[in-house]
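Student: Okay, handing you the structure first.
The values are calculated or read from the model by the stated rules, or taken from the named source; none is laboratory data. None of the values given here were measured: they were computed from a predicted structure. Counting neighbours? That spans all protein chains shown, and the Cβs are built from the backbone with ideal geometry, glycine included. Accessible surface areas use protein heavy atoms only, side chains included; no ligands, DNA or RNA. Shrake-Rupley method; radii C 1.70, N 1.55, O 1.52, S 1.80 Å.
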Amino acid sequence: MLAGVAVCTALLLSFHRSVPNRVGGLGSLLESFLPWLGVVVVVLLVLALVRRSALALVALLLPAAAWTYLFGGLLLPAPEPGADDLVVVQHNVSDENTDPEGTARALVRAGPDLVALEELVPPALEVYAKTLAPDYPYRTVRGTVGLWSKYPLSGSRPLDIKPRGIEEEWERGLRTVAHTPRGEVAVYVAHLPSVRVGAGGLASSRRDESAGLLGDALDAEELRRVVLLGDLNGTVDDRALRPLTDSLNVAGRGLAFSFPAGLPLARIDQVMARAGTVGALRTLPATGSDHLPVVAQVSWH
């Protein structure tokens, strides 16, 4: 039985794209928590040792190898940041955050060049703007998303990533150009719709549609260097984000689970880049949000 479970775990890791999404979004649900199949491998290892099952131990080599191939690189030491790296912070600050000033100061201490925030609502927006202004004199805000920068910004505009069926005011994406010492970088900030897990499985149709619209906008971007920062309400393994991950590079180091802040189970806050490599991605200490901030260095090709 242990050997059978081990083989099944290896198959799920290796062929997760083959798990159908038609029934309850099962494929996306599996991919959202795919790294946690490593816990299954550890449990099986303990049971195999207790039972002294040579067959189970041999079978465990399959899921162990599959997990290492998929996620082992994320655990390797991060390369030293380069002098020309762009340091970025991504944080969903939560519209229920009772300490926006403390949150802003925590982000400043990380020393990023760019700070992307989501769920910006008044009067907290004014607090973020005032607290970040001394270190980040340039900013652009569209709806509930914003970007603060050490470098001048231009060409700021909203992104149309609103899915069908939402009648109320809904503006959760922007595009701007940051004029960095390394050249012009198109910066996208996005907050995709939330997903829900219920008795019927994963409800993600609006998130999936919004991801497709964002992917179309990125494909049409004329600047070579692009950075995407956002709460994408999905992991980079989730097939629903393929419109983004097929054309952008994702972090090569760091698991950086960011949600929920009290017991992080998945990284749904993302940093991606085109014509650049996203190096070490790590979380910062908890703020007044239900998300943890993530910080990364982007090295340009």
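Student: Identify the residue in the range 45-94 that is of a type in the set (Asp, Glu) and open to solvent by 70 Å² or more (accessible area, probe 1.4 Å) and, among all such residues, is farthest from residue 178 (Cα to Cα).
Tutor: From the range 45-94, those of a type in the set (Asp, Glu) are 80, 84-85; that's our starting set.
Pick out the ones that are also open to solvent by 70 Å² or more (accessible area, probe 1.4 Å) and you get 80, 84.
Details: 80: 24, 84: 15 Å.
So the residue we want is 80.
Student: Additional query: Report yes if residue 234 is open to solvent by 20 Å² or more (accessible area, probe 1.4 Å) and either at pLDDT 95 or above or on the phi > 0 side of the Ramachandran plot (or both), otherwise no.
Tutor: The answer is no for residue 234.
Student: Hey, could you check the range 134-158 for residues that are in contact (Cβ under 8 Å) with a residue 12 or more places away in the chain and assigned to a loop (DSSP other than H, G, I, E, B) and say which is nearest to residue 289 (Cα to Cα)?
Tutor: Looking at the filtered set, the residue picked out is 144.
Student: Same structure again: Which one is surrounded by the most Cβ atoms within 10 Å (Cβ to Cβ), of the residues in the range 11-21 that are aliphatic (A, V, I, L, M) and assigned to a helix (DSSP H, G or I)?
Tutor: Let us first name the residues in the range 11-21 that are aliphatic (A, V, I, L, M), namely 11-13, 19.
When the remaining residues are screened for being assigned to a helix (DSSP H, G or I), the result is 11-13.
Numbers: 11: 15, 12: 18, 13: 25.
Of everything passing the filter in the range 11-21, 13 is surrounded by the most Cβ atoms within 10 Å (Cβ to Cβ).
Student: From the residues in the range 22-55 that are without any contact (Cβ under 8 Å) to a residue 60 or more places away in the chain and in a loop (DSSP other than H, G, I, E, B), which one is nearest to residue 235 (Cα to Cα)? I'd like the intermediate steps shown before the answer.
Tutor: At the first step, the residues of the range 22-55 found to be without any contact (Cβ under 8 Å) to a residue 60 or more places away in the chain are 22, 30, 37-55.
Applying the additional criterion that residues be in a loop (DSSP other than H, G, I, E, B) yields 22, 52-53.
Numbers: 22: 19, 52: 37, 53: 35 Å.
Ranking the qualifying residues of the range 22-55, first place goes to 22.
Student: How many residues does the range 65-76 contain that are within 11 Å of residue 254 (Cα to Cα) and either in contact with a Cys (Cβ under 9 Å, 6 or more places away or on another chain) or free of Cβ contacts under 8 Å to residues at least 60 places away in the same chain (or both)?
Tutor: Step one: list which residues in the range 65-76 are within 11 Å of residue 254 (Cα to Cα), which gives 71-76.
Next, from what is left, pick out any that are either in contact with a Cys (Cβ under 9 Å, 6 or more places away or on another chain) or free of Cβ contacts under 8 Å to residues at least 60 places away in the same chain (or both): 72.
Selection size over the range 65-76: 1.
Student: Among the listed residues 35, 79, 63, identify the single one that is at pLDDT below 95 and farther than 30 Å from residue 127 by Cα.
Tutor: Numbers: 35 fails: at pLDDT below 95; 63 fails: at pLDDT below 95.
Only one candidate passes the filter, namely 79.
Student: May I ask you to list the residues in the range 220-272 that are in contact with a helix residue (DSSP H, G or I) (Cβ under 7 Å, 6 or more places away or on another chain) and among the charged types (D, E, K, R)?
Tutor: 237, 238, 239, 253
Student: May I ask you to list the residues in the range 95-132 that are more than 23 Å from residue 177 (Cα to Cα), under 20 Å from the mean Cα position of the chain (by Cα) and part of a helix (DSSP H, G or I)?
Tutor: 103, 106
Student: Working only within the range 156-177, note down all residues that are small (Gly, Ala, Ser) and open to solvent by less than 50 Å² (accessible area, probe 1.4 Å).
Tutor: Our first condition is that a residue be small (Gly, Ala, Ser); within the range 156-177, this holds for 156, 165, 173.
Selection gives 156, 173.
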